[in-house]
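Colleague: Once you've had a glance at the structure underneath, I'll fire off some questions.
The values are calculated or read from the model by the stated rules, or taken from the named source; none is laboratory data. This is a predicted model, so every value here is computed, not measured. Neighbour counts run over all protein chains shown; Cβ positions are idealised from the backbone, glycine included.
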There are 2 protein chains.
Amino acid sequence: MADSKIIVQKYGGTSVGSTDRIKAVARRIKSSVEKGYSPVVVVSAMGKTTDELVKLAEEITKSPNRREMDMLLSTGEQVTISLLAMSLHEIGIDAVSFTGSQIKVLTDGNFSNAKIQSISTEKIRKSLESNKVVIVAGFQGVDDDENITTLGRGGSDTSAVALAAVLNCNMCEIYTDVDGVYTADPRVVERPLKLKEISYDEMLELSRLGAAVLHSRSVEFAKKYKINLHVRSSFKDDKGTIVMPREEMMEKLLISGVTTKLDESKITIRDIPDRPGIAAKLFELMGKNKIYVNMIVQSTGHDNRASISFTVKKSDFDEALKLCNTLKDELGATEINAKEDIAIVSAVGVGMLSAYGVAGNMFHILAQNGINIEMISTSEIGISCVIDSKDAESALKAIHKTFLEPESK
Amino acid sequence: MADSKIIVQKYGGTSVGSTDRIKAVARRIKSSVEKGYSPVVVVSAMGKTTDELVKLAEEITKSPNRREMDMLLSTGEQVTISLLAMSLHEIGIDAVSFTGSQIKVLTDGNFSNAKIQSISTEKIRKSLESNKVVIVAGFQGVDDDENITTLGRGGSDTSAVALAAVLNCNMCEIYTDVDGVYTADPRVVERPLKLKEISYDEMLELSRLGAAVLHSRSVEFAKKYKINLHVRSSFKDDKGTIVMPREEMMEKLLISGVTTKLDESKITIRDIPDRPGIAAKLFELMGKNKIYVNMIVQSTGHDNRASISFTVKKSDFDEALKLCNTLKDELGATEINAKEDIAIVSAVGVGMLSAYGVAGNMFHILAQNGINIEMISTSEIGISCVIDSKDAESALKAIHKTFLEPESK
């Protein structure tokens, strides 16, 4: 069997949310078999199963041991793989299911957020050679002492991409409850466009900035091994969006997505002496306290004094502000300003920085709509602005309309 | 740590039926730890979990693949072990849970009814040495290709006894929803007695004849390795019943239990030539067709012609009768009689055959109550009579009253 016929498919929790949906997934897999493919299928836990298991643990303790939590949660995927295998047998397709342990999805020992180190392909290849569909429990692995580990929420995407990598398979289909990656959240924007293609970097930037289609680690993995990810609906036959290397993209959009990120807070430390090591001291302290800093902007003012502004998750705001105050004198700062409730609106696109004036155009649109920009940060493929959270929705709509709805220009 | 301090405890599905009950089990384990024991705890799936998983499979297919069914069902115990470990942590007791795969409960590959071949004690001993309570998923193992297997309903009892055997631990506590082994079913008999002790053979005979307290294979295992089984309630502190070697019993009751077995049928083949090989031919045919034959009685009549009577499960009756008819001519039988609905009433006790007249006494009681005996079979420690199923309850009550309720004699 040539490797080129192997196809890795991943079905998320909604796609396998009931026994009827599992049957529908089985029929879809059957049609792949009939087209000559040898599917290796990764599945998540059924619908709300993981939440129900978490609830059981919460009835027992407020701070569950992480090893035992992984032992508990990994049962969810195990239920799905067995039911899907039965469902395939029922329609005449031979299939066999494997837990992470059985195919040795070896991870580090970081329970609840483990990283995959290797996967054994021996059992998978043997099963494929005897014309069996292989079904693998996503989200789970084992550390080198055979303890069960999990990869964190959304980790089944990463399981699927890792399998595609070890099986030398350059296409991985991610079946989900949306039919692709859109230029903006359809719940906010009226006419979002479905992208045919998007680069790994854009997808990563969009994930970081608030779009929750794919697990970031799965995209990093796909980028590293040059695996195309086809994000598509498990309820329709339409093609979805292919996440792929930038250089192979047919069409490079100026902007491929607009996002807003809420639940962020901003802190500004003013008038600190502009000397080396100030920023390092500040952000090392945040890191040590496990506070994730999103945007950072530093500006130099008069008299060699600088201001540093940065954003953190709203849930970390109180602690971050307290830490800044403990550093205030040491930094020689005159003032600390903070705003608990801000939004980050961002435009992401590989075509952006080869085109002139995108940033200027974006600032212009915000000004036209009476939206004040409090912070600006740019990367190779994105522009982000901190604005008042009450303006988030209108900012998103206005930017999307200008850049991505050509007929309305 | 001396082996003598290790104690194996098994908690059944009702005992761990909710998170509150799991917490209660954790407290009971804690009290064993405080008494100086090192518990190795085997648990079943929570309450109705197994039934719910079976229902999911039934929604998919009428004839689930047995490997996949074991994959599915084994998740039930895995949920319980993790929750119980968390529950112990919550009350300050260190604990670690293991699946059958993790401690290499090696079985044959007979899915859904696998037999344990060996268990690795390495991880268990290491955990006990670091003062951790060890929690093991009952009912499950792996075959030598790492496929997950299950031991059949009630298999957690066998897991517990097998663990006691490999850990050289001569006491295994079986916590359940009854507080011991009774002389008769309390739902039928008004004043059943709780036995302090019972021998392995009596327990096996009672199980075979209808009492469903322990998984037979667990009793056979316990007998082979001379492990005392303490059957007791997980809801009370009272001592229960100890299943033990006959020679170590303090008190040998004339009769330790009376049972009735319903849902049985009787077939009699009359007037067959009494020559070697007749019975073999008949019962080999039943065995080949997976029909379990319970009682067999052969009697020789006039002219060297014999009759063979036997009982089968009612669900096998139609097929068994058909098989007998295909053999009728070959056997040279003149007549086949069948009765679809009979009951077997039995008295079991190690003291029985060293005492005179028990059998006669039992027949007398049945006659006194106007109950006709259609077949009699005796073993070293038991007497069984086939009677009409409508008489089952009154037969049980009468025999129990005579032999086991002395004050009412």
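Colleague: If you check A:Thr49 against the conditions, is it β-branched (Val, Ile, Thr), at the interface with chain B (Cβ under 9 Å from one of its Cβ atoms) and crowded, with 17+ Cβ neighbours inside 10 Å?
Modeller: The answer is no for A:Thr49.
Colleague: Okay, next question. Is it the case that A:Ile336 is among the hydrophobic types (A, V, I, L, M, F, W, C) and in contact with an Asp or Glu (Cβ under 8 Å, 6 or more places away or on another chain)?
Modeller: So A:Ile336 fails the test.
Colleague: Would you mind finding the one in B:Arg125, B:Arg67 that is more than 25 Å from A:Ser97 (Cα to Cα), of a type in the set (D, E, K, R) and in the same structural domain as B:Arg28 (by TED's automatic domain parsing)?
Modeller: B:Arg125
Colleague: Quick test of your reading of the structure: A:Lys339 fulfils all but one of (1) out of contact with any strand residue (DSSP E or B) (no Cβ under 7 Å at 6 or more places or on another chain); (2) more than 21 Å from A:Glu284 (Cβ to Cβ). Name the failing condition by number.
Modeller: (1)
Colleague: For the structure I just gave you, tell me whether B:Glu340 is charged (D, E, K, R) and touching a Phe, Trp or Tyr at 6+ places or on another chain (Cβ under 6 Å).
Modeller: Taking the combined requirement at face value, the residue satisfies it.
Colleague: Another question, then. Which members of region B:80-108 meet the condition of being in contact (Cβ under 8 Å) with a residue 40 or more places away in the chain, at the interface with chain A (Cβ under 9 Å from one of its Cβ atoms) and in contact with a Lys or Arg (Cβ under 7 Å, 6 or more places away or on another chain)?
Modeller: B:Ser87, B:Ala95
Colleague: Shifting gears a bit: Would you check if there is a residue in region A:188-195 being over 28 Å from A:Arg21 (Cβ atoms), touching an Asp or Glu at 6+ places or on another chain (Cβ under 6 Å) and surrounded by 22 or more Cβ atoms within 10 Å (Cβ to Cβ)?
Modeller: Taking every residue of region A:188-195 in turn, none turns out to be over 28 Å from A:Arg21 (Cβ atoms), touching an Asp or Glu at 6+ places or on another chain (Cβ under 6 Å) and surrounded by 22 or more Cβ atoms within 10 Å (Cβ to Cβ).
Colleague: OK, next. Residues that are assigned by TED's automatic domain parsing to the domain that holds A:Glu68, among the small types (Gly, Ala, Ser) and touching a Gly at 6+ places or on another chain (Cβ under 9 Å): does region A:181-204 have at least one?
Modeller: no
The rows are residues; the columns are (1) in contact with a Ser or Thr (Cβ under 8 Å, 6 or more places away or on another chain); (2) surrounded by fewer than 19 Cβ atoms within 10 Å (Cβ to Cβ); (3) outside the structural domain of B:Arg270 (by TED's automatic domain parsing).
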{"residue": "B:Ala355", "(1), (2), (3)": "no, yes, no"}
{"residue": "B:Gly370", "(1), (2), (3)": "no, yes, no"}
{"residue": "B:Met375", "(1), (2), (3)": "yes, no, no"}
{"residue": "B:Val386", "(1), (2), (3)": "yes, no, no"}
{"residue": "B:Glu393", "(1), (2), (3)": "yes, yes, no"}
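Colleague: Of all residues in region A:245-268 being of a type in the set (A, V, I, L, M) and out of contact with any helix residue (DSSP H, G or I) (no Cβ under 9 Å at 6 or more places or on another chain), which is surrounded by the fewest Cβ atoms within 10 Å (Cβ to Cβ)?
Modeller: A:Met250
Colleague: Is it the case, given these coordinates, that B:Ile22 is in a helix (DSSP H, G or I), modelled with pLDDT of 95 or more and out of contact with any strand residue (DSSP E or B) (no Cβ under 8 Å at 6 or more places or on another chain)?
Modeller: Spelling it out, B:Ile22 is indeed in a helix (DSSP H, G or I), modelled with pLDDT of 95 or more and out of contact with any strand residue (DSSP E or B) (no Cβ under 8 Å at 6 or more places or on another chain).
Colleague: Taking the condition of being among the small types (Gly, Ala, Ser) and modelled with pLDDT of 95 or more, how many residues in region A:164-180 meet it?
Modeller: Matching residues across region A:164-180 total 2.
Colleague: Right, another one. Pick out the one residue from A:Glu68, A:Glu77 that is of a type in the set (Asp, Glu) and more than 9 Å from chain B (Cβ to nearest Cβ).
Modeller: Only one candidate qualifies: A:Glu77.
Colleague: Quick check: anything in region B:79-88 in contact with a Pro (Cβ under 6 Å, 6 or more places away or on another chain), buried (at least 24 other Cβ atoms within 10 Å of the Cβ) and under 22 Å from B:Arg125 (Cα atoms)?
Modeller: yes
Colleague: Looking at region A:1-35 only, could you name the residues that are surrounded by fewer than 17 Cβ atoms within 10 Å (Cβ to Cβ) and within 22 Å of the chain's Cα centre (by Cα)?
Modeller: none
Colleague: Now for a separate question. Restricting attention to region A:125-161, report how many residues are buried (at least 24 other Cβ atoms within 10 Å of the Cβ), on the phi > 0 side of the Ramachandran plot and acidic (Asp, Glu).
Modeller: Qualifying residue count, region A:125-161: 0.
Colleague: Tally the residues that are of a type in the set (A, V, I, L, M) and surrounded by fewer than 18 Cβ atoms within 10 Å (Cβ to Cβ), restricting the search to region A:167-177.
Modeller: Count: 1.
Colleague: Which one of these does A:Asn304 not meet: (1) of a type outside the set (D, E, K, R); (2) in contact with a Pro (Cβ under 9 Å, 6 or more places away or on another chain); (3) modelled with pLDDT of 90 or more?
Modeller: With respect to (1) of a type outside the set (D, E, K, R); (2) in contact with a Pro (Cβ under 9 Å, 6 or more places away or on another chain); (3) modelled with pLDDT of 90 or more, A:Asn304 is out only on (3).
Colleague: Hand me the list of helices (runs of 4 or more DSSP H) wholly inside region A:36-153 holding 1 or more residues that are under 21 Å from the mean Cα position of the chain (by Cα), of a type in the set (Ser, Thr, Tyr) and farther than 23 Å from A:Cys172 by Cα.
Modeller: Per the criteria, A:49-60.
Colleague: Taking the condition within 17 Å of the chain's Cα centre (by Cα), closer than 23 Å to A:Ser44 by Cα and either surrounded by fewer than 17 Cβ atoms within 10 Å (Cβ to Cβ) or in the same structural domain as A:Val350 (by TED's automatic domain parsing) (or both), does A:Ala222 pass?
Modeller: So A:Ala222 does not fit the description; no.
Colleague: Kindly list, by first and then second residue, each pair from a residue in region B:278-304 that is under 22 Å from B:Thr378 (Cα atoms) to a residue that is modelled with pLDDT under 90 and among the charged types (D, E, K, R), limited to pairs with Cβ atoms under 6 Å and residues at least 6 apart or on different chains.
Modeller: Qualifying pairs under 6 Å: B:Thr300/B:Asp274.
Colleague: State the number of residues belonging to region B:53-65 that are free of Cβ contacts under 8 Å to residues at least 12 places away in the same chain and facing chain A (nearest Cβ under 7 Å).
Modeller: Total meeting the criteria: 5.
Colleague: Moving on to the next point. Can you confirm whether B:Ser159 is in a helix (DSSP H, G or I), within 14 Å of another protein chain (Cβ to nearest Cβ) and within 22 Å of B:Val33 (Cα to Cα)?
Modeller: Judged against the criteria, B:Ser159 is not a match.
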